[in-house]
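Written below as structure tokens is the structure these notes are about.
Laboratory data are not the source of any read-out in this text; all were calculated from the coordinates shown. Remember, predicted model here, so these are calculated numbers, not experimental data. Quick reminder, even Gly has a Cβ in these numbers, built from the backbone with ideal geometry, and neighbours come from all protein chains shown.
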Amino acid sequence: MRLDRLIALAIAVASLCGCVETRFESPLGDNIETCDTRWKGLWTVDKSPKDDAGAFWIDNECRFTVLDQPERGAPFKQIHVPVNYVHDKGKDYLVIADVALKGLVELKTPYAIDPPPQKSFFFARYSVHGNRIELNDVASDAAAKLVIDGKLQGTVSKTANELHVYVRGDRAAMLEIVRGNAIFSGKPSLTLNRSNQTPADYEQSVIQVQHKTP
């Protein structure tokens, strides 16, 4: 699974290619949970396992594991990612610390922040529709404009191919930001579909199809 298609997040949470990203100085409020039972089970990223396969496995203890296939036809890696959940005013959010993603992707420290913070956070909004979960990541262009216009505190670093946004504020400020600003993408950036397979069965089925398909 390409890393730029992962969570929020885990958390998809954001565009984890490192080219376009928005990070936040603080977590999203104080009422942060470590489990949303609606996530328990296996969630596949793609309807077809032929290409770009990958899935998320949330076990009975709510441990969030990314099933990542490094290359087509290869065995999957299982990478645990601590994920937190926030529910506020009828909206559901994922919160993931950047340091929690070290097993998945190499992330530089936030741009134009000196001294660099020990950690920062990615947010994503999600909605559960039975056997489907839709995730909306942060629209970095929108977040950057809010910072440039002085509506949010933070920094923006932009080049021809990269956009890095860092939004400052404490936990309470983060809640006010998501409540009062349209910072999430209007359309789902990632859709997950529930699978009745076990992680082992899913891996085997994906590899079998890939070996049969050029």
Can you pick out the pairs among Lys102/Lys212; Lys91/Lys158; Lys145/Lys187 whose Cα atoms lie more than 25 Å from each other?
Lys102/Lys212; Lys91/Lys158
For Leu163, net neighbour charge (Lys/Arg +1, Asp/Glu -1) across residues whose Cβ lies under 9 Å away:
-2
